[in-house]
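Take a look at the structure set out below.
The values are calculated or read from the model by the stated rules, or taken from the named source; none is laboratory data. Keep in mind the model is a prediction, meaning the values are calculated, not measured. Heads up, the Cβs are rebuilt from the backbone with ideal geometry, glycines too, and the neighbour counts pull from every protein chain shown. Surface accessibility is based on the protein's heavy atoms, side chains included, excluding ligands, DNA and RNA. Shrake-Rupley method; radii C 1.70, N 1.55, O 1.52, S 1.80 Å.
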Amino acid sequence: MSNQYVQVAVPVPMRQLFTYQVPVAMQTPAIRIGERVAVSFGSRQVIAVVISHSDQSDIDSKKIKPISKRLNDSFHLHTVLVDFLRLCANYYHHPIGDVFQQALPKLLRQVKKIDVQPPMVWHSQAKEGDEQASKLTSKAPKQQALFALIAKHQGISWPELRTLGYNKTQLNALVAKNLVVEKAQKSKDFTWHEQAFNEDNQQRLSTEQAVIVAAINQANDRFACHLIDGITGSGKTEVYLQAMERVLKNSQQVLVIVPEIGLTPQTLLRFEQRFNVPICLHHSNLNDSERLDTWLNAQQSSAAIIIGTRSAIFSPLHHLGMIIVDEEHDSSLKQQDSFRYHGRDLAILRAKQLGIPVLLGSATPSFESLQNAMSGKYQYHQLRKRAGNSNKAKISLIDVAQQQMEYGLSGTLKQQIKQTLARGEQVLIFLNRRGYAPAINCQECHWIADCQRCDKPYTFHQKQQLLICHHCGSQKRVPKQCPSCGSVRIAPVGQGTEQLEQRIGEIFPQVSLVRIDRDSTRKKGELSKLLQEISDKKHQLLIGTQMLAKGHHFPDVTLVAVLDGDGALFSFDFRASEQMAQLLVQVAGRAGRASKPGQVLVQTNYPDHPLLQEIVNNGYQHFAKQALLERQQALLPPFSFQALIRAEANFPSYPEKFLRALTEQTLHQCEFAGPVPAAMEKKAGKFRYHLIIQAKSRKHLHIAITQLLSQIPDNEWQSKVRWSLDIDPIDLNW
Ligand code: ADP
Ligand code: ZN
Ligand code: ZN
């Protein structure tokens, strides 16, 4: 048995494995790959994961420390998952210990033994026809819906119910009526293929949809990447659901990755309604023990479907048969700090490793995926019609240069809002700027209140009477007097959602309005409550940031207004136009989903701008083809591959010198761009610089990065800066 030494991944920011000895007393039972062990590292005890073991070591055996403990519990990582995580670390050139760290729930990263109780789940005690149960109908529709859900699932957890928008009061009411009871979950075996699928609420597929499902089914047992490019409401989710069926009937598991789970309770509900199988949710609103439960459910195969945000890609699913990435273009699928991975790209990597299909869906596919689809690397499927009988919303531009404006609303727009409200339909007003005003200034000398740590204006939040920096979070009271000239004429400039809400309330005093942004939905459960109120038609006017542009179904919204369509027209970031087009089309997708026709009005100062014209007249696909041609000519991604090295320090010269020293190396088939100051050159008191490394092939980029990283220990500036590496960066602003 090669049991004497282990190579382990230790949670430290170093790109290497560490070797430890296994004391004789700990050598039986044989040590396994993927096992967690406690080791001392420096002065700390940490949890490490065994990556390999051997009987020999090149290192002097006296220098090798012994492991402190084996955590002989049932939570070891299977070899396939260990291999996947190693692939991830390689691809992103990220410290392997940190990759493992991020893949494990927090409770499994602690040295102390965890006491695992089986997760508690809810069951119904009464049949739906019972007297108590039937009384629910008229008086408490929410309670009734909750009861029906529990009765159907027989074993649904509280975090899941909470995510679906139910609260403890409703649940307790059912407990008081003796209708439901909480029990420990029994570990399930693989039985869900025998369970009934709810074919009663399954739609008859359109020909377009049926062709896609057939194509997916045809290659169900090997790797294939399918891009489903379909406008909002064209029936992509229905395609996922029917494609999953075959996988589930095969007793395999399905992983569904979504950008943000709290934003899509309706979609979750559709999965719940369709499949009578255990579903687990994985997202950032779970506490540590809920997170561990989800992990265990995946690992012990008691979850058939896992729906989660990007980090769900690391779920220990041993019978994974399909991965679905919804809204694959969404930038929140990419983690923007420490381990900068893209959930979609890792989904493809994992599917390839396992030899299973992966489905990417979007109304506005990323240029990367479109290019792969056009070149034939992915199977490309299009859904061009809305399902059912609803029509696509029409986008039109309003030239605000020609109009009298009131609080950011043009006359034309006000008129349209009034007419829509008069028909009893809902209006969505989109403004991608939260807070009351993006700045305050002195009306005499034009002094602007800037955050000293970022050199950017503070955002004014009226309700809290605070200036808040949206870049570093620092807060400050509004000064009574101008610090520069002493004047008391200090006033907000520009408009954010908080102000818009107030002003629109003045213009349309009769209607009920609701604001949805990060500030108004901070409280747990608040977002799903507000969304429910919207679908119950308690509000006629909806004001929101990009939070409202994602994935919701608002069948009664027939007018979507974009107050400021100019945001990204003149950005230096070559991705800005792609992102703006996606946002416009996504917001437009919110309108007119039911049988009522919808329209989208975009206010702009540049109605002739080619980008806006392209989107309005020819649609996203056409726009994307044009823009891809431009990228090809400029040799930008996806026609080249990039890595970005960011460096920051208290003095501007350090990061610049650090990066400049890197550029002194000669790279094969690669080019440097930079170093240059970041778009936000200063943030939270630190000066920031960029260096881009670009190559025509991924292989060359990979080799170049390996070379650069190996040189960094000799870089004389390296101890003076904080630096990080981003492979396939999508945000060049920082
Ligand atoms: P997407 O995911 O592309 O936004 P959905 O799958 O949510 O689209 O479909 C939009 C609406 O159309 C949903 O209400 C869905 O139930 C309905 N729908 C989807 N496919 C069909 C179909 N084949 N026949 C009738 N209705 C459908
Ligand atoms: Zn002043
Ligand atoms: Zn700041």
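When you scan region 218-233, do you find a residue that is assigned to a helix (DSSP H, G or I) and of a type outside the set (Asp, Glu), even just one? Checked region 218-233: at least one residue is assigned to a helix (DSSP H, G or I) and of a type outside the set (Asp, Glu).
For Arg515, are the conditions met, namely being among the charged types (D, E, K, R) and part of a strand (DSSP E or B)? Don't jump to the end; show me each part of the working.
Values: among the charged types (D, E, K, R): yes; part of a strand (DSSP E or B): yes.
So Arg515 fits the description; yes.
What strands (runs of 3 or more DSSP E), lying completely within region 273-378, carry at least 3 residues that are in contact with a strand residue (DSSP E or B) (Cβ under 7 Å, 6 or more places away or on another chain) and under 27 Å from Val585 (Cβ atoms)?
On the way: elements: 279-282, 305-308, 320-326, 357-362.
Result: 320-326, 357-362.
Before we move on, is Ser528 modelled with pLDDT of 85 or more, of a type outside the set (A, V, I, L, M) and either open to solvent by 20 Å² or more (accessible area, probe 1.4 Å) or part of a helix (DSSP H, G or I) (or both)? Criteria not met by Ser528.
Could you please find all residues in region 257-283 being surrounded by fewer than 22 Cβ atoms within 10 Å (Cβ to Cβ) and under 22 Å from Leu77 (Cβ atoms)? Scanning region 257-283 gives a single hit, His283. When only residues in region 333-371 that are within 22 Å of Asp83 (Cα to Cα) and among the hydroxyl-bearing types (Ser, Thr, Tyr) count, which is most open to solvent (accessible area, probe 1.4 Å)? Going through the qualifying residues, I end up with Ser338.
Table: residues versus (1) part of a loop (DSSP other than H, G, I, E, B); (2) open to solvent by less than 50 Å² (accessible area, probe 1.4 Å); (3) outside the structural domain of Leu709 (by TED's automatic domain parsing).
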| residue | (1), (2), (3) |
| --- | --- |
| Thr19 | no, yes, yes |
| Ala25 | no, no, yes |
| Ala30 | yes, yes, yes |
| Val37 | no, yes, yes |
| Ala48 | no, yes, yes |
| Ile51 | no, yes, yes |
| Gln56 | yes, no, yes |
| Lys62 | no, no, yes |
| Asp73 | yes, yes, yes |
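For Met374, the conditions (1) aliphatic (A, V, I, L, M); (2) within 16 Å of ligand 2 (Cβ to nearest atom); (3) open to solvent by 70 Å² or more (accessible area, probe 1.4 Å) all hold with the exception of (2). Within region 531-561, the residues that satisfy the criterion of being outside any loop (DSSP other than H, G, I, E, B) and under 17 Å from Gln419 (Cα atoms) are Leu541, Leu542, Val557, Thr558, Leu559, Val560, Ala561.
Working carefully through the options Val587, Val602, Val676, find the one that is open to solvent by less than 40 Å² (accessible area, probe 1.4 Å) and outside any helix (DSSP H, G or I). Before the answer, list the steps.
Working: Val587 fails: outside any helix (DSSP H, G or I); Val676 fails: open to solvent by less than 40 Å² (accessible area, probe 1.4 Å).
Just one listed residue meets the conditions, Val602.
The criterion of at least 2 residues that are open to solvent by less than 50 Å² (accessible area, probe 1.4 Å) and within 16 Å of ligand 3 (Cβ to nearest atom) is met by the following strands (runs of 3 or more DSSP E) wholly inside region 380-476: 439-442, 459-461, 466-468.
Within 29 Å of Arg162 (Cα to Cα), within 16 Å of ligand 1 (Cβ to nearest atom) and surrounded by fewer than 21 Cβ atoms within 10 Å (Cβ to Cβ) - does that describe any residue in region 248-256? Taking every residue of region 248-256 in turn, none turns out to be within 29 Å of Arg162 (Cα to Cα), within 16 Å of ligand 1 (Cβ to nearest atom) and surrounded by fewer than 21 Cβ atoms within 10 Å (Cβ to Cβ).
For region 258-272, what are the residues that are assigned to a loop (DSSP other than H, G, I, E, B) and not acidic (Asp, Glu)? Write out each step before concluding.
Of region 258-272, the ones assigned to a loop (DSSP other than H, G, I, E, B) are 258-260, 264.
Of everything in region 258-272, those that are assigned to a loop (DSSP other than H, G, I, E, B) and not acidic (Asp, Glu) turn out to be Val258, Pro259, Thr264.
When each of Gln665, Gln711, Gln707, Gln694 is tested for being farther than 21 Å from Asp337 by Cβ, away from ligand 3 (no atom under 16 Å from the Cβ), assigned to a strand (DSSP E or B) and outside the structural domain of Tyr92 (by TED's automatic domain parsing), the lone residue that passes is Gln694.
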